[in-house]
Amino acid sequence: MGAKILLEKSNSFCLCAALFALGFVFCSCGGKKEKALEEYTPLSKSAAELSSSAQWAYEIEGDRLSKKIDSFEAVSRNVPLTPLAMAALEGGLPMRGVYPNLAGFENLDTSGIDGVILETVRSFCGAYIDFTNEGQEKDENGQAKEKSSAKVDAFFSAKTLFSLSLFFADTKDAGPFDSYVVGRPFLGDDLVEVPVRFSGQKEYLFCKLYPVMEKDACKIQQIEIYKREAKDGSGKIDRD
């Protein structure tokens, strides 16, 4: 009888323990689930918070598309801005210059470059062409003398003549050249870059000139060779 009572108590204890453990598990899972739900944030909410806290740039001409334009410079307010009226206005404006593109080189529009700078570039190129066509004199021993580059040097900045010396060394086996063309320049805040192509009997020499104003005179500060191309199409000699 006592053993039976002891067994029943033991079974009751085990049942209670099992129920307690099961309840703990449910509570634990429920807590984790609630915690996970609390930590989850919808993407739309995150995007809205980021948008509201972001520092946006000032909108330039925000009313450009919605702004009503009821007048135009040089057109009376009494004239409706119809497509026909705009076409007539366009026809009365000065035509923009049309400049050719030289195949393999650049557009030949030099209208944007200052006249003094353009004249210096042209004078330098002309002097260099003359230099390549000059015959070499010989000394008393029959050895070829080094040609004088004084006329070319005159258009180059005295501070950076080393750049011209490198140019002469790199083009020693090129030329002679008989013509040149000037391409559309790149005009930066502190930089003017003028492309030039020299044309000879055997090859084309592609360069970039960098003119600067020194006091009251314009000088070429640097010259760079960026490509040499054989005229017969046998190959290109690109400078690294």
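The values are calculated or read from the model by the stated rules, or taken from the named source; none is laboratory data. Since we're looking at a predicted model, the values are computed, not measured. Counting neighbours? That spans all protein chains shown, and the Cβs are built from the backbone with ideal geometry, glycine included. Surface accessibility is based on the protein's heavy atoms, side chains included, excluding ligands, DNA and RNA. Shrake-Rupley method; radii C 1.70, N 1.55, O 1.52, S 1.80 Å.
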(request) Enumerate the pairs (first residue in segment 148-170 and touching a residue at least 40 places away in the same chain (Cβ under 8 Å); second residue anywhere and in a loop (DSSP other than H, G, I, E, B)) with beta-carbon separation below 8 Å, excluding pairs fewer than 6 apart on the same chain, so at least 6 apart or on different chains. (result) Leu164/Ser149; Asp170/Arg239
(request) Tell me, yes or no, whether segment 176-185 has at least one residue that is over 12 Å from Ala127 (Cβ atoms) and charged (D, E, K, R). (result) yes
(message) Testing Arg184 on (1) modelled with pLDDT under 90; (2) in a loop (DSSP other than H, G, I, E, B), one condition comes back false. Which one is that?
(response) (1)
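Looking for something at pLDDT 90 or above and at negative phi - is there at least one such residue anywhere in segment 139-150?
Residues of segment 139-150 that are at pLDDT 90 or above, as a first pass: 149-150.
In the following step, the residues that additionally are at negative phi were identified as 149-150.
Yes: one or more hits.
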(request) Determine the pairs where a residue that is open to solvent by less than 50 Å² (accessible area, probe 1.4 Å), located within segment 212-230, has a partner that is hydroxyl-bearing (Ser, Thr, Tyr) and assigned to a strand (DSSP E or B) with Cβ atoms under 6 Å apart, the partner being 6 or more residues away or on another chain. (result) Glu229/Tyr204
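Take the residues in segment 112-142 that are under 33 Å from the mean Cα position of the chain (by Cα) and of a type in the set (S, T, N, Q), then tell me which one is surrounded by the fewest Cβ atoms within 10 Å (Cβ to Cβ). Even if it seems obvious, please write down each step before you answer.
The first filter runs over segment 112-142 and keeps only residues under 33 Å from the mean Cα position of the chain (by Cα), leaving 112-129.
Going one step further and asking which of them are of a type in the set (S, T, N, Q), we end up with 120, 123.
Values: Thr120: 22, Ser123: 16.
Restricting to residues being under 33 Å from the mean Cα position of the chain (by Cα) and of a type in the set (S, T, N, Q), the top hit is Ser123.
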(request) Would you point out the residue of segment 151-169, among those that are touching a strand residue (DSSP E or B) at 6+ places or on another chain (Cβ under 8 Å) and open to solvent by less than 60 Å² (accessible area, probe 1.4 Å), that is farthest from Pro100 (Cα to Cα)? (result) Thr160
(message) For segment 127-147, give me the residue count where each residue is without any contact (Cβ under 8 Å) to a residue 60 or more places away in the chain, out of contact with any Asp or Glu (no Cβ under 8 Å at 6 or more places or on another chain) and under 19 Å from Cys207 (Cβ atoms).
(response) 3
(message) Condition (residue is touching a helix residue (DSSP H, G or I) at 6+ places or on another chain (Cβ under 7 Å), surrounded by 13 or more Cβ atoms within 10 Å (Cβ to Cβ) and part of a helix (DSSP H, G or I)) applied to segment 143-150: is it met by at least one residue?
(response) no
(request) Considering only segment 160-194, state which residues are among the β-branched types (Val, Ile, Thr) and over 18 Å from Ile129 (Cα atoms). (result) Thr160, Val192
